[in-house]
Amino acid sequence: MDENVEATVTELAQRSSETEIGKEGCRRYLPQDIVHNILARLPAKSMLRFKTVCKNWRDMITELDAIGVQQSMSKVTIIYRTNESKSLFFKLKNKDRENCCLSLEADYIWAKKACDKFVLFSCQFPASCAGIQLVVYDTITDRFRQLPKIPFYIVATSFYDLSLVYDASAKTCKVVVFNCTCYIENCCIYTFNDNDDQWGSGSNENWRILKLPCLQGIMTSSNSSVDVNGVLYWIARANCIDHGALIQPMDIATEKFMRFIKVPCQSWIKNCNLLKIKESLCFMNTASTDELHIWVLKNSVESLWILQHKISLSSMIGRPTSLSSFIQHRFHPWLVVEGSGNSYILVTIDGLLAPYWYNLETKELRQIALDLGALNLPEELRRLAQDYNISKGFYLRTILFIDDLGPDIQRRLAGFVAKTQRQRDEEEGLRRNALLRQREDEERVRRDAHLRRKQ
Amino acid sequence: MASSSSSSSCSSSSEKKITLKSSDGEALNVEKNVALEFEPAKGFLEDNSEEADDEAIVVPLPNVSAAVLSELIPYVKQRLELSAKPVQKKLIKAFDDQFTRHLSDDKLGELMLAANYLGVNYLLDVLCDVTADRIKNKSVEYVREFLGIQNDFTPEEEAELRAQCPWAFEGVDQD
């Protein structure tokens, strides 16, 4: 033991003399593993800034960063569904290898959005004509909560868009629903507090109608809304403008709308998406047959954008031959994984099947091989899964950025929804019975009175 | 130390006292279960277990001063008592917060070194969290000063690194 102690002491002394730290610094000198421990707890922005502290820190942060990117990439869950309402869950283990789980559900249950620790599911039962139901799942505490009925009619096949945002400081979560079938004046919003006791049951709060600043048509694409620094942005067409699109910002905490932001191009507004890259709002659009542009918003008041990245067919490494044009083929971004070095966008081509990682810096496109052979699947599902990229029976539904989402959750979710639904039905039934009884009583009284009058 | 308030029926090992000797030569009496939380002391006690009388054992801790030890011991003791009960994590967190809130930056560094040397990992975790929290919104210059780090970049190298990500240097707190 004493030897160890001595070794540590001399090592410390050596290290501090090597780095020539003065007496002042020596007092606070921390060994490498403690510094490493501290750095690993910093947010990405701080890590990036502290690369300039000293060479040692730069190297440590670069190393940590690579690990962080790998970890982020492994949190992705990709969900496919078939025409027969069967679903495939893929959980990526890292950017190349992956694991996969699978579920077989007759009900319509889809994970729609994820943010922080929450996942928003949308469900509908075949027999029910009540429209979709929304359920929030907390991945940390492993609990569900059912949101009340949406104030307007949406079924699984409706054209609608959802946003899920979480304000960690206020511990409130907000769900925003847009009806995208027509130009709308209102959207609806639902707020709940993480700490209230309504997990495991239905929520008491109700939806609120939020009046939009003008009539707008909400655009849907793989990523048509995004939240950056407490502001939710979405792409909309304003009624007065024929072709162009605008970006509508809304402060999430106060629910106040800010001025429209003009998009950096007005000519081609198909296939445009919003992304969050390096804590800034980015707009991605198709510029020509062989170029996509990513613009970064510098000033929202003046709608000042800077063209940051060009994704071009000619300079793309590993381009599949099927991708010959950005106009004929859709290049859908789903989410961004970034470290201080490289940024990756998870994309799909034509919204269909195989997902890719696109590296913004090296311009490399790499397919995520979903290895189905490694799965232990029932025969029927194995056949489905093997055919998934040939038959086009599967199509991509959701890519979520969250850990630990498997078929088991879907099964339990179905149970939860069915239970709360039953409770609601029972309450409804009781109320109806009471009403009926009341009516019968009234009827009897009236009849008796009538008889008496006759006599 | 007023530890007699806790139940008297517990095992005798927790009542035995061990003497720890700090780097500045001061002797501190602690309960054996507290001393066992410190890895060097645990190793020392295991090596000298044939000695019948624990009271006679003096464990040298040449890397920790008496001032730091006297802060650490009550923390570890209370933390042990807390984790022995089926309490919520929230409570432990509140206790940790209370302990770290008033620590000066210097004390924080000293405690981290001591926790690292003594192998008290739960304390080291808490202290690293606090340090990360204190520096995360600060400037690079502040961090160098805070941790006593010499800048070994040439001005050109530093400027180049900064130019790679100017956005990371925006919105930094006042030092």
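Points worth noting:
- Residue match in the range B:17-34 (condition: in the same structural domain as B:LEU103 (by TED's automatic domain parsing), modelled with pLDDT under 90, surrounded by fewer than 17 Cβ atoms within 10 Å (Cβ to Cβ) and assigned to a helix (DSSP H, G or I)): no
- Where a residue in the range A:273-289 is surrounded by fewer than 18 Cβ atoms within 10 Å (Cβ to Cβ) and its partner, wherever it lies, is charged (D, E, K, R), with Cβ under 7 Å and at least six apart: A:LYS278/A:GLU338; A:GLU279/A:LYS45
- If you go through the range A:161-196 and keep only what is in contact (Cβ under 8 Å) with a residue 24 or more places away in the chain, over 16 Å from A:LEU212 (Cα atoms) and part of a strand (DSSP E or B), you end up with A:LEU164, A:VAL165, A:TYR166, A:ASP167, A:CYS173, A:LYS174, A:PHE192.
- Residues of the range B:152-169 that are in a loop (DSSP other than H, G, I, E, B) and within 9 Å of chain A (Cβ to nearest Cβ): B:ASP152, B:PHE153, B:CYS165.
- Meets criteria (touching a Pro at 6+ places or on another chain (Cβ under 8 Å), surrounded by 15 or more Cβ atoms within 10 Å (Cβ to Cβ) and not polar (S, T, N, Q)) for A:CYS173: no
- Picking from residues in the range A:302-322 that are within 27 Å of the chain's Cα centre (by Cα) and open to solvent by 80 Å² or more (accessible area, probe 1.4 Å), the one that is modelled with the lowest pLDDT is A:ARG319.
- Helices (runs of 4 or more DSSP H) within the range B:51-151 that include 1 or more residues more than 25 Å from B:ASP24 (Cβ to Cβ), touching a residue at least 12 places away in the same chain (Cβ under 8 Å) and within 9 Å of another protein chain (Cβ to nearest Cβ): B:121-135, B:140-147
- The number of residues in the range A:208-234 being free of Cβ contacts under 8 Å to residues at least 60 places away in the same chain, over 28 Å from A:ILE349 (Cβ atoms) and not in a strand (DSSP E or B) comes to 1.
Conditions tested, residue by residue: (1) under 26 Å from B:LEU36 (Cα atoms); (2) under 12 Å from the mean Cα position of the chain (by Cα); (3) hydroxyl-bearing (Ser, Thr, Tyr); (4) open to solvent by 60 Å² or more (accessible area, probe 1.4 Å).
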{"site": "B:LYS90", "(1), (2), (3), (4)": "yes, no, no, yes"}
{"site": "B:ALA94", "(1), (2), (3), (4)": "yes, no, no, no"}
{"site": "B:HIS102", "(1), (2), (3), (4)": "no, no, no, yes"}
{"site": "B:ASN116", "(1), (2), (3), (4)": "yes, yes, no, no"}
{"site": "B:CYS128", "(1), (2), (3), (4)": "yes, yes, no, no"}
{"site": "B:ASN137", "(1), (2), (3), (4)": "no, no, no, yes"}
{"site": "B:VAL140", "(1), (2), (3), (4)": "no, no, no, no"}
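The values are calculated or read from the model by the stated rules, or taken from the named source; none is laboratory data. No experiment lies behind these values; they were computed from the predicted model shown. Please note: Cβ atoms are built from the backbone with ideal geometry, for glycine as well, and neighbour counts cover all protein chains shown. Accessible surface areas use protein heavy atoms only, side chains included; no ligands, DNA or RNA. Shrake-Rupley method; radii C 1.70, N 1.55, O 1.52, S 1.80 Å.
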